[in-house]
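**Q** Before anything else, here's the structure in question.
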């Protein structure tokens, strides 16, 4: 009988989480490189370039690919003949492993889990608890599937209870454009069909662990209905023209994975869950011979390039002396390198600012004529100024935008993904601007931050208000002062072109 020791189990999970924070799997890297090679949209190609450069920097320096190091999802398939040597429950051992991984002083990961989700939303501080699924199967080993799923991609999960006669392809093609760019494409789409609502969602997430093999499937051709569905969805989703980061382009998805299960004759449950460009997942087995070992991908797959050589029309901007006249001159799609001092703030900080305005209280920071960066950075290690510090989804700040521009005096915002109609209206009326940094390039972006300090709301942790001094931070104008949105213009152009 195989004996699984407590320390081997905890060590393996902790090391797997450290590993996937820094390294892409080889199949994902190869798929990204193929997407880069065939991309025709320059903004999308530039974004994929930054993502690949970031991946190489993270691999070399053992630091997180994205500042959102995810909620931990664990899928266990436990052999019936396995014996445990432990004084803890399986859940407790997994959470001990998560705690060790996220508080590792050599490569600190950002805790994002909060308790009382409908109340005070207090951060647990160590990214516990994990989300755990277990099944018991024949055999004498444990298969362990680990993912660290970012909030941006999880927020875009979709579910529908279709009628048996409804077309799944039609449903998917209607749903994908509504997801916007907050899930950080290009990535992989997992689809679960059948079972019950919870089973369909489970299968959609489980499907994301499968190897990226769509190009092999294209070459050999489909041999089942499921493979036919994968190919049809892959082709038709990419023809939508959404592209990398939603900028418009030829690659929106790197693969589509489908899992099915029998269902009630009256139902057709279908779930869709995207995996973002910071794809963090792995699979390993424990058979009683010791802890799992994780090897870095082949360094020949790492990507090196000079961003500035690729950016022929880039504009250098000093945000310390920026004027409305300069902002008005910028056009949607234009590339900028920012230098100077930025303020940061995201969901919790925005809510607190609005509450203070409502009470007539003075704000602790003067935002007038300043740029605000939507970011929750990782804590620094190894002498860093700041840890990985990529953008969070700006759409969540839309409901605050008009007041932040009109009453607080902010003149520019930096984030990722599209803005809604109300936010764009406020940007246009205030002659402001919205810029995007590349989601999935967090470590690369952090290297442009030369000083950082907390100015206010320190109790909010990574959601506190920081002042970042940056030098040549790469961004793109997403919504210009006339309200022209790159996330609208780019996909529409490429949809027409690809159709």
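Derivation of every value follows stated rules applied to the coordinates shown; laboratory data play no part. Please read all numbers here as calculations on a predicted model, not as lab measurements. Note that we place each Cβ from the backbone using ideal geometry, even for glycine, and neighbour counts take in every protein chain shown.
**Q** Among 62, 496, which comes first, then next, by fewest other beta-carbon atoms within 10 Å?
**A** 496, 62
**Q** Using the alpha-carbon centroid of each, what span in Å lies between region 43-110 and region 190-227?
**A** 23 Å
**Q** If you don't mind, there's one more thing I want to ask. Mind checking Rg over Rh on region 108-201, alpha carbons, Kirkwood formula for Rh?
**A** 1.02
**Q** Here's a follow-up. How long are the three semi-axes of the equivalent ellipsoid of region 1-147, in whole Å, if each is the root of 5 times an eigenvalue of the C-alpha gyration tensor, listed from largest down?
**A** 32, 21, 14
**Q** Something else: Counting only C-alpha contacts under 8 Å and six or more residues apart, can you give the relative contact order of the chain as a whole percent?
**A** It rounds to 20 percent for the chain.
**Q** Related question: Need one number: % antiparallel among DSSP beta bridges in region 307-497, to the nearest 5.
**A** Taking every DSSP beta bridge within region 307-497, about 60 percent pair in antiparallel fashion.
**Q** Across region 307-497, what fraction of all alpha-carbon pairs, as a whole percent, falls in each successive 10 Å bin from zero upward?
**A** Per 10 Å bin, starting at 0, the Cα pair percentages come out as 9, 39, 38, 13, 2, 0.
**Q** Next question, about the same structure. May I ask for the Rg/Rh ratio of region 164-236, computed from Cα atoms with Rh as the Kirkwood radius, given to two decimals?
**A** 0.95
**Q** Give the peptides 161-169, 363-371, 149-157 in descending order of average Cβ contacts within 10 Å, highest first.
**A** 149-157, 363-371, 161-169
**Q** Based only on other Cβ atoms within 10 Å, what is the fewest-to-most ordering of 225, 283?
**A** 225, 283
**Q** Could you give the length gained on full extension between residue 287 and residue 493, defined as 0.36 nm per residue of separation minus the Cα-Cα distance, in nm?
**A** Stretched out fully, the residue 287 to residue 493 stretch lengthens by 68.9 nm.
**Q** Could you please rank 145, 374, placing first whichever residue has the fewest other Cβ atoms within 10 Å of its Cβ?
**A** Arranged by neighbour count, lowest to highest, 145, 374 become 145, 374.
**Q** Quick one: Debye curve from the C-alpha atoms of region 396-435, no solvent, what's log10 I(q)/I(0) at q = 0.24 Å⁻¹?
**A** Values returned for q = 0.24 Å⁻¹ are -0.70.
**Q** Ok, one more. What does the helix-only formula give at 222 nm for the chain: each DSSP H stretch with n ≥ 4 adding -39500 (n - 2.57), the total divided by the residues, and the result rounded to the nearest 500 deg cm²/dmol?
**A** Helix contribution divided over all residues of the chain: -9500 deg cm²/dmol.
**Q** Still on this structure: Take peptides 27-35, 209-217, 274-282 and line them up by average Cβ neighbours within 10 Å, highest first, as a rough protection proxy.
**A** 274-282, 27-35, 209-217
**Q** Compute the helix-to-body angle for 347-359: its Cα long axis versus the longest principal axis of the chain, expressed 0 to 90° and rounded to tens.
**A** So the inclination is approximately 50 degrees.
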